[in-house]
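Structure first, then comments.
The values are calculated or read from the model by the stated rules, or taken from the named source; none is laboratory data. If you're wondering where the values come from, they're calculated on a predicted model, not measured in any experiment. Glycine also receives a Cβ, built like all others from the backbone with ideal geometry; neighbour counts cover every protein chain displayed.
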Amino acid sequence: MKDIAKKVLSGDSRAIARLITLAENNDPSATNSMKDIHPHTGNAHVIGITGVMGSGKSTLIYELTRQYRKQDKTVGIIAIDPTSPFSGGALLGDRVRMMELTMDEGVFIRSMGTRGMLGGLASAVYDVVEILDASGKDVVIVETVGVGQAEVDIIKIADTTLVIIVPGLGDSIQTLKAGVMEIADIYVVNKADRDGVEQTVAEVESLVDITCSEKERKTPILSTIAKHG
């Protein structure tokens, strides 16, 4: 497996995809390759993005990636999808939405199924982040399947975590109250062209004020309309 590790380190997309598949399937042959690439990790900035379904996570990732590419930074995207009950594989909705990015050699996209794992992450995602990191990606973006008490696992892997909230979805705020407040480095109120955005921002600000002491840095709250870039 030395050859596949060398190819991953050189940024070979086929080798990256192959090693990811081996890691996902818990193939014993992946172990040595993961050991070989591990010393070359720790350079990528890992961004975790979580939010309720319909909050526009994929659109936001698409626009973020476009901005990074304008800065000539390479990007790896891991889209954690609900697992298909028929095949056990990922439902590839995110790949459909971000099809344009697949034509860019500086972007690598992989959809992964959770395969029943709680925490919003697939069990192999830690290995996949290392693979993309070792392959030379400047930024690795990880999108979870949703947001809730179980999705806090994202903080174990991300350098920066974005929690996406949408006006008009009461579940978003209720989720924050349920204990996800602690994981956010940045709150993003997406679809800010909707009615009720001011109220949503005010509610989030109130929750931030409650959870942060005066000496702590308050978590930033940004309003975006991702579909407009």
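With the structure loaded, tell me whether residue 105 is part of a helix (DSSP H, G or I) and modelled with pLDDT of 80 or more or whether it fails that test. No: the conditions fail for residue 105. Among the residues examined, residue 42 qualifies as at pLDDT 70 or above, on the phi > 0 side of the Ramachandran plot and out of contact with any Leu (no Cβ under 7 Å at 6 or more places or on another chain).
Just checking, which of 184, 192 is modelled with pLDDT of 80 or more and either within 24 Å of residue 76 (Cα to Cα) or crowded, with 16+ Cβ neighbours inside 10 Å (or both)? Lay out the reasoning, then the answer.
Numbers: 192 fails: modelled with pLDDT of 80 or more.
Selected residue: 184, the only one of 184, 192 that is modelled with pLDDT of 80 or more and either within 24 Å of residue 76 (Cα to Cα) or crowded, with 16+ Cβ neighbours inside 10 Å (or both).
Yes or no: region 91-99 includes at least one residue that is within 17 Å of residue 21 (Cα to Cα) and either part of a helix (DSSP H, G or I) or at pLDDT 90 or above (or both). Yes, that holds for at least one residue.
Quickly run through region 196-206 and pick out the residues that are at pLDDT 75 or above and not polar (S, T, N, Q). Matches in region 196-206: 197, 198, 201, 202, 203, 204, 205.
Can you tell me how many residues in region 16-51 are without any contact (Cβ under 8 Å) to a residue 24 or more places away in the chain and in a helix (DSSP H, G or I)?
First, pick out the residues of region 16-51 that are without any contact (Cβ under 8 Å) to a residue 24 or more places away in the chain: 18, 21-22, 25, 27-28, 31, 35, 39.
Those left that are additionally in a helix (DSSP H, G or I): 18, 21-22, 31, 35, 39.
Looking only at that region, the number is 6.
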